[in-house]
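Everything below concerns the one structure shown next.
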Amino acid sequence: MFLNIWTCSIICLLVAATIIGGVILLLLLLRVYIYLSTGVCKSKVSMKGKTVLITGCTSGIGRETARNLVKRGARLIMACRNVEAANKLKDELIKESDNQEIVVHKLDLSSLESVRDFVKQVNNEEKRLDVLIHNAGTAETFSKKISIDGIEMTMATNHYGPFLLTHLLIDLLKRSAPSRIVVVASSLYRLANLNLDNINPTMTFPAYLYYVSKYANIMFTLELARRLEGTGVTANCLHPGMIDSGIWRNVPAPLSWGLQVIVKSFFKTPEQGAQTSIQLAVSEHLKNTTGKYFSDCQESSLSSGVSDAAKCKKFWELSENIVKLQSTDPKI
């Protein structure tokens with residue numbers, strides 16, 4: 001009897017050990033796959049003499065993108081809502097790179113007034129703008145928020161703010177041509193759709209609107225590229241991958257507990273996630289490429305819905321009304 005119990009215990013332990021070992025091996029293989037499949041920007045081009053403006057660069061992939069560009073010698077304009085954090089990062093980047101050409105300006109993309117104030121300062125102080133990187137983004141899970149302009153907060157920050165910012169900076173970009181606009185989107189757009197009859201979805205579930213805003217980012221980029229043909233200004237968007245970054249900080253407990261295990265186990269590091277942004281900003285091979293979507297430093301395909309030219313055009317026209325473009329504003 002005792003022998004049978006002992007034998008069963010040994011068998012159970014062996015089975016458990018096999019299962020645990022199999023899970024650990026699977027996790028290791030997945031990590032290796034993520035590492036091997038992650039795109040890497042191999043361009044060594046110098047950015048000395050060029051000016052780059054990046055939004056939302058105090059953390060995540062924006063921080064790593066900024067770090068890389070500063071080390072390449074670029075003059076960097078850090079457009080950030082948290083000026084204190086931005087100035088702290090500025091000091092770190094100067095110390096790391098010995099590049100003093102870094103300036104910090106306050107920009108709250110959820111406020112149309114803040115966007116206009118920011119651009120007025122940039123246009124007064126800067127002689128050129130070679131690269132504009134729309135990196136900033138926000139995501140809410142359950143909390144419905146409305147911007148000071150009456151726009152749903154996720155859409156205001158992720159689409160309408162960048163839309164107005166691009167319009168107001170376009171003349172500077174054109175004078176600096178060849179120049180580039182890089183938009184950080186996401187393949188998560190495939191989980192959503194954009195309702196042209198409700199482009200200010202204040203009553204929609206906030207977590208879903210992050211995906212909608214990424215859908216909007218891509219439509220904006222495609223129409224932007226079409227409108228900028230022949231100007232010397234290119235526009236491309238990208239999927240950075242699933243990143244271990246601050247974008248997930250708004251997920252409440254207990255959902256955040258399981259999510260953190262997944263994030264730490266399978267998501268890319270911010271440095272890995274920044275590679276495609278860097279590639280689109282610096283690569284000489286892509287200087288004439290426009291209206292494309294990239295992932296892991298390679299051109300990728302889009303769904304037929306998000307790339308519908310008529311829908312992109314209509315959304316653009318509706319967005320002009322939302323951001324209250326004025327007759328004196330630059331037109332694209």
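The values are calculated or read from the model by the stated rules, or taken from the named source; none is laboratory data. Predicted, not measured: the structure shown is a model, and the values here were computed from it. As a convention, Cβ positions derive from the backbone with ideal geometry for all residues, glycine included, and neighbour counts pool all protein chains shown.
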Any idea which residue in segment 234-261 is modelled with the lowest pLDDT, counting only those that are assigned to a helix (DSSP H, G or I) and farther than 24 Å from residue 215 by Cα?
257
Pairs under 6 Å by beta carbon, first residue under 18 Å from residue 221 (Cβ atoms) and in contact (Cβ under 8 Å) with a residue 40 or more places away in the chain in segment 316-332, partner outside any loop (DSSP other than H, G, I, E, B) and of a type in the set (Phe, Trp, Tyr), six or more apart or different chains?
319/163; 322/160; 323/160; 323/163
Inside segment 115-168, can you point out the residues that are of a type in the set (Val, Ile, Thr) and out of contact with any strand residue (DSSP E or B) (no Cβ under 8 Å at 6 or more places or on another chain)?
115, 119, 138, 141, 148, 151, 154, 157
So residue 272 fits all but one of (1) modelled with pLDDT under 95; (2) part of a loop (DSSP other than H, G, I, E, B); what number is the exception?
(2)
Just for helices (runs of 4 or more DSSP H) wholly inside segment 66-178: which have at least 2 residues that are crowded, with 19+ Cβ neighbours inside 10 Å and touching a Ser or Thr at 6+ places or on another chain (Cβ under 9 Å)?
83-97, 161-175
The condition from (1) closer than 24 Å to residue 163 by Cβ; (2) modelled with pLDDT of 95 or more; (3) of a type in the set (Ser, Thr, Tyr) that residue 283 misses is numbered (1)
Say we look at segment 46-60 and pick out the residues that are more than 21 Å from residue 100 (Cβ to Cβ) and modelled with pLDDT of 95 or more; which of these is surrounded by the fewest Cβ atoms within 10 Å (Cβ to Cβ)?
55
